[in-house]
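Chemist: For reference, the structure I am asking about is given below.
The values are calculated or read from the model by the stated rules, or taken from the named source; none is laboratory data. Here the structure is a predicted model, which is why all the values come from computation and not from measurement. Every residue, glycine as well, gets a Cβ built from its backbone with ideal geometry; the counts of neighbours run over all protein chains shown. Ligands, DNA and RNA are stripped out before the accessible areas are found, and what is left, the full protein with its side chains, is counted by its heavy atoms. Shrake-Rupley method; radii C 1.70, N 1.55, O 1.52, S 1.80 Å.
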Number of protein chains: 2
Amino acid sequence: MTITVQAVLDKLMEPVNKIPNTVDTLKFGDPNMVVKGIAITFMATQKVIERAINLGANLLITHEGLFYSHIDHIEIVEESPVYLEKRRLIKESGIAIYRFHDYIHRYQPDGIMVGLIEALGWKTYVEKNQPTSTIVKIPSMSLREIAEYVKGKLGIEFVRTVGNLDGTCTRIGLLAGYRGGGSLSIPLFEKEKLDLIISGEGPEWETPEFIRDAVYQGKQKALMVLGHAESEAPGMKYLAEWIETIFPGIPVHFIPEKPIFQVV
Amino acid sequence: MTITVQAVLDKLMEPVNKIPNTVDTLKFGDPNMVVKGIAITFMATQKVIERAINLGANLLITHEGLFYSHIDHIEIVEESPVYLEKRRLIKESGIAIYRFHDYIHRYQPDGIMVGLIEALGWKTYVEKNQPTSTIVKIPSMSLREIAEYVKGKLGIEFVRTVGNLDGTCTRIGLLAGYRGGGSLSIPLFEKEKLDLIISGEGPEWETPEFIRDAVYQGKQKALMVLGHAESEAPGMKYLAEWIETIFPGIPVHFIPEKPIFQVV
């Protein structure tokens, strides 16, 4: 049985109503090509693309865009040799690259969040899933203990925190990716009576400064910032496991990347 | 001689043509009040406001907004006890609070950048000042050496870097605040033949991932992310020194804050 690139894409988009103006499009490659292998990643870096090709994959599914811009502003990069070399690798290999972002976030529950919860081992603690956040109630731990636990579970070197490391937390809001900004996080603290928000990324002087003021006022609130990739890569790993069960005849590979930042 | 709040504001805005729809407004207080003391900060946290009041200042000048949102989206916070308590402190004290953001960035050169360059001791290395960046050419140093140098000069605990720590850099683009995104930083690398960009803050999968690909392709490029406050507070400190010379009869205090994040 032959499966085309388009057939895989259709299957991935199936659980969700059609999204207009989505960034989830086939960026390169032929939708009618027969899929020989599927590679899945958070961010299709040059290294990830090379690895996918070497593994024999001809369809690469990436959560974030290829050229460093959410809505494919190619004019930002088009004169850069970095862009040209990456584009050449893709074109010459013939690999199909599909961005799978908006659809997986609209799964119910959000597919990226499901993977994060799974990686954290907090599935039994989920109180509710909402479109942009999940609320968990864990056995009471200090912020420091949660930081060490999360680092261990996600295999990451560091997290950034705001708040008292010895303060205990039990009600946690999880927000994957770039959802750590004030407009989503701040109302959530009050609405859900949260002790802690764990998010991927957000502007530094929004939620973090809200927490700073709250703590200074003697309120028990805390924030833990994982990093954008660190918060969403587990969701793409989870997706890889799911795709393997849907297309059992096709080799499926999750390709991780190293952490983007070094702390010096 | 008595100086009113409005007189100070007029003086601060004087070097720049009137900006429509600016966030630089008097957030609290009476413009006709006589100024007894001026406090200046990057971000008017609860602690900074208390300190300003205790120092006898009745005009506080802050670079970023009071309530965790660039364009004063009060609806995000208005039900939060954190907001209510902070607002009460301000109201009861009668302190005037002015946000000075857009105007100082439009100074020629950008006043925030002038303070950053001064703090880094790189004034003699400036090649050119542009509206959103400054290009410096420093004596050749490794990325690791520059990181240590910058940490020492700015008095900060850590920076986050992308790129080879042993790679040498001489042409550097400096972008203060939230200017580290791909649309400003990526074209600047090519246009100015930069080895390194030092920025305040920006989305994690834009410029950082561009650098990762560049380095993987064997190109010498690097990124150093200081943190938003870390990149802009020196500009506000510099402003405090300048204001002291303009209004010699008024006590002027720069109020620093601790770094917002702990790395665990």
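Chemist: Please determine, by comparing only the residues of region A:185-203 that are more than 16 Å from A:G163 (Cα to Cα) and facing chain B (nearest Cβ under 9 Å), which one is surrounded by the fewest Cβ atoms within 10 Å (Cβ to Cβ).
Modeler: Of everything passing the filter in region A:185-203, A:K191 is surrounded by the fewest Cβ atoms within 10 Å (Cβ to Cβ).
Chemist: If you go through region B:240-249 one residue at a time, do you hit one that is farther than 17 Å from B:G65 by Cβ and within 13 Å of another protein chain (Cβ to nearest Cβ)?
Modeler: no
Chemist: State all residues of region A:226-247 that are open to solvent by 70 Å² or more (accessible area, probe 1.4 Å), over 16 Å from A:L59 (Cβ atoms) and of a type outside the set (F, W, Y); if no residue qualifies, say none.
Modeler: Restricting attention to region A:226-247, the residues satisfying the condition of being open to solvent by 70 Å² or more (accessible area, probe 1.4 Å) are A:237-238, A:241-242, A:244-245.
Within this subset, residues satisfying the condition of being over 16 Å from A:L59 (Cβ atoms) are A:237-238, A:241, A:245.
Those that are open to solvent by 70 Å² or more (accessible area, probe 1.4 Å), over 16 Å from A:L59 (Cβ atoms) and of a type outside the set (F, W, Y): A:K237, A:E241, A:T245.
Chemist: Quick check: is even one residue across region A:158-168 open to solvent by 30 Å² or more (accessible area, probe 1.4 Å) and under 18 Å from A:G227 (Cβ atoms)?
Modeler: Yes, because at least one residue in region A:158-168 is open to solvent by 30 Å² or more (accessible area, probe 1.4 Å) and under 18 Å from A:G227 (Cβ atoms).
Chemist: Another question, then. Here is a check on your reading of the model: is A:A147 within 27 Å of B:R212 (Cα to Cα) and either more than 15 Å from the chain's Cα centre (by Cα) or open to solvent by 20 Å² or more (accessible area, probe 1.4 Å) (or both)?
Modeler: Numbers: within 27 Å of B:R212 (Cα to Cα): yes; either more than 15 Å from the chain's Cα centre (by Cα) or open to solvent by 20 Å² or more (accessible area, probe 1.4 Å) (or both): yes.
Taking the combined requirement at face value, the residue satisfies it.
Chemist: If you check A:P259 against the conditions, is it farther than 30 Å from B:T41 by Cβ, of a type outside the set (G, A, S) and crowded, with 22+ Cβ neighbours inside 10 Å?
Modeler: So A:P259 does not fit the description; no.
Chemist: Follow-up. If B:G56 passes every condition in (1) outside any loop (DSSP other than H, G, I, E, B); (2) more than 14 Å from chain A (Cβ to nearest Cβ) but one, which one does it miss?
Modeler: Condition (1) is where B:G56 drops out.
Chemist: Let me ask another. Between A:G227, A:G182, which is out of contact with any Leu (no Cβ under 8 Å at 6 or more places or on another chain), farther than 23 Å from B:L66 by Cβ and facing another protein chain (nearest Cβ under 7 Å)?
Modeler: A:G227
Chemist: Which of the residues spanning region B:1-47 are assigned to a helix (DSSP H, G or I) and of a type in the set (K, R)?
Modeler: B:K11, B:K47
Chemist: Does region B:27-54 hold any residues that are more than 21 Å from B:L84 (Cβ to Cβ) and either open to solvent by less than 60 Å² (accessible area, probe 1.4 Å) or among the basic types (K, R) (or both), and which are they?
Modeler: Looking only at region B:27-54, we keep the residues that are more than 21 Å from B:L84 (Cβ to Cβ), and these are B:30-42, B:54.
B:P31, B:M33, B:V35, B:K36, B:G37, B:I38, B:A39, B:I40, B:T41, B:F42 - these are the residues of region B:27-54 that are more than 21 Å from B:L84 (Cβ to Cβ) and either open to solvent by less than 60 Å² (accessible area, probe 1.4 Å) or among the basic types (K, R) (or both).
Chemist: Can I ask one more? In region A:65-102, what count of residues is obtained for those that are open to solvent by 10 Å² or more (accessible area, probe 1.4 Å), under 17 Å from the mean Cα position of the chain (by Cα) and touching a residue at least 60 places away in the same chain (Cβ under 8 Å)?
Modeler: Final tally of qualifying residues: 2.
Chemist: When you go through (1) in contact with a Lys or Arg (Cβ under 7 Å, 6 or more places away or on another chain); (2) surrounded by 24 or more Cβ atoms within 10 Å (Cβ to Cβ); (3) at the interface with another protein chain (Cβ under 9 Å from one of its Cβ atoms); (4) not aliphatic (A, V, I, L, M) one by one for A:T62, which number turns out not to apply?
Modeler: It fails just one condition, (3).
Chemist: Please go through region A:204-220 and give me each residue that is buried (at least 22 other Cβ atoms within 10 Å of the Cβ) and either within 8 Å of another protein chain (Cβ to nearest Cβ) or at pLDDT below 95 (or both), ordered by number.
Modeler: Once the filter is applied, which keeps residues that are buried (at least 22 other Cβ atoms within 10 Å of the Cβ) and either within 8 Å of another protein chain (Cβ to nearest Cβ) or at pLDDT below 95 (or both), region A:204-220 yields A:E204, A:W205, A:E206, A:T207, A:P208, A:E209, A:F210, A:R212, A:D213, A:A214.
Chemist: Out of all the residues in region B:154-165, is one or more in contact (Cβ under 8 Å) with a residue 12 or more places away in the chain, more than 9 Å from every other protein chain (Cβ to nearest Cβ) and among the aliphatic types (A, V, I, L, M)?
Modeler: Within region B:154-165, one or more residues are in contact (Cβ under 8 Å) with a residue 12 or more places away in the chain, more than 9 Å from every other protein chain (Cβ to nearest Cβ) and among the aliphatic types (A, V, I, L, M).
Chemist: With crowded, with 20+ Cβ neighbours inside 10 Å and more than 17 Å from the chain's Cα centre (by Cα) as the only criterion, which of B:V5, B:V114 stands out?
Modeler: Selected residue: B:V5, the only one of B:V5, B:V114 that is crowded, with 20+ Cβ neighbours inside 10 Å and more than 17 Å from the chain's Cα centre (by Cα).
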